[in-house]
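Have a look at the structure below, then the notes.
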Amino acid sequence: MKNRIDGRVVSSVGGLFEVLVNEDGEERRLPCRARGSLRRDDARVLVGDRVVVGIEEEGNRGEIAILEALPRNNALIRPPLANLDEMYAVLAVADPAPMPETTDKLLAIMEHNHIHCTIVITKTDLSAEHAKSLEALYRSAGYEVFCVSAYEGKGIEALASHLRAAIAGGRTAAFAGASGVGKSSLLNTLFPSLSLETGEISKKIGRGKNTTRHTELYPVFGTAEGGFLADTPGFSMLDFVRFDFMSWQDLPHAFREFAPYLGTCRYSDCNHVKEEECAVRAAVEEGRIAPSRYETYKSLYTVLRAKNPYAGEK
């Protein structure tokens, strides 16, 4: 191979990466490790990174290694991904029970990172009524919503059409959501060639098992130019205490339905929690902002303010 060649990290398991490269018109996946300086937490290589690979000469090992990580458009803590263009936030109607607060947290993280997000409601065959309720909730917040059933095949073609447009031209999309919501089953229905492992819901805890154990990018139309799709491990929570997803000052801007009201409150430093004549609170009371979304905002505000109460104050 050439001494140095650009590629894209498509898989990471236990410190071993696979990098998709195009050399002389031929795409291939190179197994390699990252140079020592790229293994530190503050410089850690992520799936989705654009990198330079070559022969690692340090220590005379002569191994293929990631020598350099190129500048990112964005980077996420959870799911651990870089250079993401579109996120599909997935939640199920039932089995497991939907957790709108967790979905709201994921949406806030995407908004903060300026990543376009679309809602996918799965397992609609289990309760059409509940599906309509969830759809109305997120449409009122300004999101595009797809209601699908992999079991019945409903809504699949509309979602597939949206996804094809989202990743055209080598762009990257990911599906993320709680364990057991049906991400892998849905991706298998959209792209049967993926043959992803799927699992069942635990009756004891009412949650899914993680059949997807690591994040991986798939060039779903055969080549990198056709775009990438990421399947990500499921999660049961997004820990805003442990991870610094954003500050409390950034939080109001992470709820897109707040945008028309920001800057119109009585007090210029309004936090939209307890203040009088708050435009956001008025919108909630008048039904223009969903109460459940506002409750998530207040819960996150309390957590983030407690972490760093005086940040940004003069």
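The values are calculated or read from the model by the stated rules, or taken from the named source; none is laboratory data. Predicted model only: the values in this text are computed from it and were never measured. When we count neighbours, we look across all protein chains shown, and the Cβ atoms used for this are built from the backbone with ideal geometry, even at glycine.
Tabulated results
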item: Looking only at the range 247-305, and only at residues there that are aromatic (Phe, Trp, Tyr) and more than 24 Å from the chain's Cα centre (by Cα), the one that is modelled with the lowest pLDDT; result: 267
item: Long-range neighbours under 8 Å by Cβ, at least six apart or interchain, first residue closer than 14 Å to residue 243 by Cα and of a type outside the set (A, V, I, L, M) within the range 302-314, second at pLDDT 80 or above and surrounded by fewer than 10 Cβ atoms within 10 Å (Cβ to Cβ); result: 307/241
item: Residue check, residue 66 closer than 30 Å to residue 131 by Cα and under 25 Å from the mean Cα position of the chain (by Cα); result: no
item: Qualifying residue in the range 20-32 (condition: in contact (Cβ under 8 Å) with a residue 40 or more places away in the chain and among the hydrophobic types (A, V, I, L, M, F, W, C)); result: yes
item: Boolean, residue 280 is aliphatic (A, V, I, L, M), outside any loop (DSSP other than H, G, I, E, B), outside the structural domain of residue 113 (by TED's automatic domain parsing) and more than 28 Å from residue 243 (Cα to Cα); result: no
item: Some residue of the range 106-117 being surrounded by 14 or more Cβ atoms within 10 Å (Cβ to Cβ), part of a helix (DSSP H, G or I), touching a Leu at 6+ places or on another chain (Cβ under 6 Å) and at pLDDT below 95; result: no
item: Any pair with Cβ under 7 angstrom, 6 or more apart, that starts in the range 277-290 at a residue that is closer than 21 Å to residue 136 by Cβ and ends at one that is modelled with pLDDT of 95 or more and charged (D, E, K, R); result: 289/257
item: In the range 257-270, the residues that are surrounded by 15 or more Cβ atoms within 10 Å (Cβ to Cβ) and either of a type outside the set (A, V, I, L, M, F, W, C) or not in a loop (DSSP other than H, G, I, E, B) (or both); result: 257, 258, 261
item: Of all residues making up the range 198-238, the number that are surrounded by fewer than 13 Cβ atoms within 10 Å (Cβ to Cβ) and either modelled with pLDDT of 50 or more or within 15 Å of residue 171 (Cβ to Cβ) (or both); result: 5
item: Residues located in the range 132-146, provided they are over 13 Å from residue 181 (Cβ atoms) and not in a loop (DSSP other than H, G, I, E, B); result: 132, 133, 135, 136, 137, 138, 139, 140, 145, 146
item: Residue satisfying all of: in the range 1-19; of a type outside the set (Val, Ile, Thr) and touching a residue at least 60 places away in the same chain (Cβ under 8 Å); surrounded by the fewest Cβ atoms within 10 Å (Cβ to Cβ) among these; result: 4
item: Residue under evaluation residue 160, criteria (1) crowded, with 19+ Cβ neighbours inside 10 Å; (2) outside any loop (DSSP other than H, G, I, E, B), criterion not met; result: (1)
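Conditions tested, residue by residue: (1) within 21 Å of residue 80 (Cβ to Cβ); (2) of a type outside the set (A, V, I, L, M, F, W, C); (3) in contact with a Lys or Arg (Cβ under 7 Å, 6 or more places away or on another chain).
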position: 221; (1), (2), (3): no, no, no
position: 245; (1), (2), (3): yes, no, no
position: 251; (1), (2), (3): no, no, no
position: 272; (1), (2), (3): no, yes, yes
position: 298; (1), (2), (3): no, yes, no
